[in-house]
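Visitor: Got a structure for you, written out below as structure tokens; questions coming shortly.
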Amino acid sequence: MQIESLKVFCDLTETGNFTKAANINGVTQSAVSQQIGSLERHFNVRLIERSKKKFGLTREGQALYDASKQIVQAYESLQHQIQEIRNIVSGTIRIGTIYSIGLHELPPFQRAFLKKHPTVNLSVEYRRASQLYEDILSNAVDIGLVAYPTKDGRFETIPLRDDLLVLICHPDHALAAKKQLKLKEINGQKFIGFEPDIPTRRAIDKILRDRDIVVNHVMEFDNIETVKRAVEIDAGISIVPKSTVSQEVSKKTIIQVKIADEDHYRPLAAVHKANKILSPAMKEFIEMVKAQ
């Protein structure tokens, strides 16, 4: 019996999915099944309730998971301590990020970090916010980059910075001539929004609702790039983070208008599982992002 098999068992338990456990460990689904079978033969017990439609552990399986989690965490902690003693920054960092951060915030950090630590394998996955938190809990990613971080004891949140929200419109739109405007001026306007479950959409909805402003949502999308493309064809106006439209504003395909009522910001954060043991590489990546 090897620690790798115990880790696979822990990942399978936490994801409840053979394919996800295989992906996390870089093996095939068949290999996961074989390692679980090997553990069952070693202890001469059934670990998984195979008769149930949903994934579940037997009592013996739960006992093995509780003990295995401690063993795996202790082993990973020892590995990281040895790396720190030897001043080694290497290994793999799996980053999960929402689209707007991954496309507009992350690239400079990624380049700087890999230039300093070329032996680190830095992988990036794009996810919706709801899926990203699930991936963090199931260990499918090590660090999540999110907006409007959720308050949940299962996660540790590292605030990064706040991004100013601005109104954007087509150059020929009636609002394009204004340098700034009051939010009440967009009442009744055609509006390009994010989908309702996206945190930035919920925050913008609250800003408008608190001021009794009603807009006409003509289109809803799950990422910032599609929102911008809709504004570029004059399908409506939108409110977006300022950092995401710098290129379009410089090319004058989109006009950016400051909201005069008060400044509204989108908070950005790095998030990881509360009890996760971070490698030296993960710690340094988070510190670099915080410093910038």
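Visitor: Listed residues 36, 24; which is modelled with pLDDT of 90 or more and either closer than 19 Å to residue 94 by Cα or among the hydrophobic types (A, V, I, L, M, F, W, C) (or both)?
Guide: The unique qualifying residue is 36.
Visitor: Of all residues in segment 209-235, count the ones that are within 15 Å of residue 183 (Cα to Cα) and not in a helix (DSSP H, G or I).
Guide: The total comes to 6.
Visitor: For residue 224, work out the one condition from (1) modelled with pLDDT under 95; (2) over 21 Å from residue 150 (Cα atoms); (3) surrounded by 13 or more Cβ atoms within 10 Å (Cβ to Cβ) it doesn't fulfil.
Guide: (2)
Visitor: Got a sec? Which of 156, 134 is under 15 Å from the mean Cα position of the chain (by Cα) and either among the hydroxyl-bearing types (Ser, Thr, Tyr) or assigned to a strand (DSSP E or B) (or both)?
Guide: 156
Visitor: Still on this structure, please answer the following. Within segment 260-292, track down each residue that is free of Cβ contacts under 8 Å to residues at least 40 places away in the same chain and either closer than 16 Å to residue 135 by Cβ or in a helix (DSSP H, G or I) (or both).
Guide: 283, 287, 291
Visitor: Would you please list the contacts, defined by Cβ atoms under 9 Å and residues six or more apart or on different chains, that run from a residue in segment 181-206 that is at positive phi and part of a loop (DSSP other than H, G, I, E, B) to a residue that is loosely packed, with under 15 Cβ neighbours inside 10 Å and modelled with pLDDT of 95 or more?
Guide: 188/214; 188/216
Visitor: With part of a helix (DSSP H, G or I) and more than 23 Å from residue 136 (Cα to Cα) as the only criterion, which of 6, 78, 39 stands out?
Guide: On inspection, the qualifying residue turns out to be 39.
Visitor: For segment 194-238, name all the residues that are within 21 Å of the chain's Cα centre (by Cα) and aliphatic (A, V, I, L, M).
Guide: 198, 203, 204, 224, 227
Visitor: Report yes if some residue within segment 250-257 is among the hydrophobic types (A, V, I, L, M, F, W, C), farther than 30 Å from residue 79 by Cβ, in a strand (DSSP E or B) and not assigned by TED's automatic domain parsing to the domain that holds residue 154; otherwise report no.
Guide: yes
Visitor: Tell me the residue from 119, 92 that is in contact with a strand residue (DSSP E or B) (Cβ under 6 Å, 6 or more places away or on another chain), closer than 24 Å to residue 4 by Cβ and among the hydroxyl-bearing types (Ser, Thr, Tyr), please.
Guide: Just a single option satisfies the conditions, and that option is 92.
Visitor: Kindly indicate the residue of segment 239-287 that is aliphatic (A, V, I, L, M) and surrounded by fewer than 16 Cβ atoms within 10 Å (Cβ to Cβ) and also farthest from the chain's Cα centre (by Cα) among those meeting that condition.
Guide: That would be 260.
Visitor: Is it the case that some residue within segment 122-140 is acidic (Asp, Glu) and touching a strand residue (DSSP E or B) at 6+ places or on another chain (Cβ under 7 Å)?
Guide: yes
Residue-by-condition table, conditions (1) modelled with pLDDT of 95 or more; (2) of a type in the set (Phe, Trp, Tyr); (3) surrounded by 21 or more Cβ atoms within 10 Å (Cβ to Cβ):
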site	(1), (2), (3)
150	no, no, no
156	no, no, no
160	no, no, yes
171	yes, no, no
180	no, no, no
192	yes, no, yes
198	no, no, yes
204	yes, no, yes
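Visitor: Okay, next question. Return yes when residue 85 is in contact with a strand residue (DSSP E or B) (Cβ under 6 Å, 6 or more places away or on another chain), among the aliphatic types (A, V, I, L, M) and either surrounded by 15 or more Cβ atoms within 10 Å (Cβ to Cβ) or modelled with pLDDT under 85 (or both) and no when it is not.
Guide: Taking the combined requirement at face value, the residue does not satisfy it.
Visitor: Do we have residue 32 as of a type in the set (A, V, I, L, M, F, W, C), out of contact with any Ser or Thr (no Cβ under 7 Å at 6 or more places or on another chain), surrounded by 15 or more Cβ atoms within 10 Å (Cβ to Cβ) and in contact (Cβ under 8 Å) with a residue 40 or more places away in the chain here?
Guide: In short, no.
The values are calculated or read from the model by the stated rules, or taken from the named source; none is laboratory data. Being a predicted model, the structure only gives us computed values, none of them experimental. Cβ sites come from the backbone with ideal geometry, for glycine too, and all protein chains shown count toward neighbours.
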